[in-house]
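Take a look at the structure below.
The values are calculated or read from the model by the stated rules, or taken from the named source; none is laboratory data. A quick note: this is a predicted structure, and the numbers were derived from the prediction, not measured. Reconstructed Cβ throughout: ideal geometry from the backbone, glycine too, with neighbour counts over all protein chains shown.
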Amino acid sequence: MTLFAVILAAAGKSSRFKDTQFKKAFAPLDGKAVWLHSVDHFVNRADVGQVIVAIAAEDRQEFMERFGANIAVLGIEVVLGGETRADTVQRALAKVRDEFEYVVVHDAARPCVAAVWIDEVFAAAQKVGAAILANPIVGTIKRVDGGRIRETVSRDGLWEAQTPQVFRLKLLLDAYAKRGDFHPTDEAQLIEHFDGEVAIVTASAANLKITTKEDLALAKYALQALPKPKEILPSHPFADDDLWR
């Protein structure tokens, strides 16, 4: 039984990527576009029944010319995004079919997510209602103003949010319906805004988001080093649940 619909967010401006030829999600990585690596992690899963990619209106013609064949073969739906990430995801949500209980939001520019991490965050969302991949902050954090350090911030309890982020479809639809002018930077923040609970599932720094052209080289190596399902046992708080048996 398919439970999950997936939204791939690819409507960003890529202002920090600084490439005149490609936006980051459409740049080549190890022989194919970044977003195709990202979508490959979902399209062949038995528990995923719908995949939607949200792109900027300005990219529509080029995107269809370059990737029309991929879209047809993979059975992906394309929607046009909005001015902000929240606007983009809300537009894609309107296309999710009612038959799905959960919706997954993933960055198109985050191609290095392992199947085992997807398994874990899917299981956590089914247990709690909302769950995201994240990684604990390990470096020393400085608050900077005017080019000078103003404060060293304790990293205790600080995590870097990643995607996929997974939610009960009704939970996310309800949150978006009442968000008004609030523009969260990710979907978990929207759920937090309305006092909802979101579980954290530990992933890895290898689950990086392409931001600059230099990140492409890192992503190439990360893709080769992704853990296989047989190499890692579930380690999140729901690992002993029946979902793992």
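Can you find even one residue in the stretch 56-70 that is assigned to a loop (DSSP other than H, G, I, E, B), out of contact with any Pro (no Cβ under 6 Å at 6 or more places or on another chain), modelled with pLDDT of 95 or more and within 28 Å of Leu173 (Cβ to Cβ)?
no
Is it the case that Glu83 is surrounded by fewer than 14 Cβ atoms within 10 Å (Cβ to Cβ), free of Cβ contacts under 8 Å to residues at least 12 places away in the same chain and not in a strand (DSSP E or B)?
Spelling it out, Glu83 is indeed surrounded by fewer than 14 Cβ atoms within 10 Å (Cβ to Cβ), free of Cβ contacts under 8 Å to residues at least 12 places away in the same chain and not in a strand (DSSP E or B).
Exactly one condition in (1) of a type outside the set (Asp, Glu); (2) under 21 Å from Val34 (Cβ atoms); (3) assigned to a strand (DSSP E or B) is not met by Ala131; state its number.
(2)
Take the stretch 42-61 and flag every residue that is closer than 16 Å to Ala108 by Cβ and touching a helix residue (DSSP H, G or I) at 6+ places or on another chain (Cβ under 8 Å).
Result: Phe42, Val43, Val48, Val51, Ile52, Val53, Ala54, Ile55, Asp59.
Results for (1) under 16 Å from the mean Cα position of the chain (by Cα); (2) closer than 22 Å to Leu223 by Cβ, shown as yes or no for each residue.
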site	(1), (2)
Tyr102	yes, no
Val105	yes, yes
Ala108	yes, yes
Cys112	yes, yes
Ala115	yes, yes
Gly129	no, no
Pro136	no, no
Ile141	no, no
Ile149	no, no
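Just to check your reading of the model, which residue among Phe22, Phe26 is at pLDDT below 90, within 20 Å of Ala219 (Cβ to Cβ), crowded, with 22+ Cβ neighbours inside 10 Å and touching a strand residue (DSSP E or B) at 6+ places or on another chain (Cβ under 9 Å)?
Answer to the selection: Phe26.
Residues are listed down the side, and each one gets a yes or a no for (1) under 21 Å from Gln162 (Cα atoms); (2) in contact with a strand residue (DSSP E or B) (Cβ under 9 Å, 6 or more places away or on another chain):
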residue: Phe63; (1), (2): no, yes
residue: Ala69; (1), (2): no, no
residue: Ala86; (1), (2): yes, no
residue: Lys95; (1), (2): no, yes
residue: Asp98; (1), (2): no, no
residue: His106; (1), (2): yes, yes
residue: Pro111; (1), (2): yes, yes
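Look at Val89 and say whether it is over 18 Å from the mean Cα position of the chain (by Cα), more than 18 Å from Phe22 (Cβ to Cβ) and of a type outside the set (Asp, Glu).
It is false that Val89 is over 18 Å from the mean Cα position of the chain (by Cα), more than 18 Å from Phe22 (Cβ to Cβ) and of a type outside the set (Asp, Glu).
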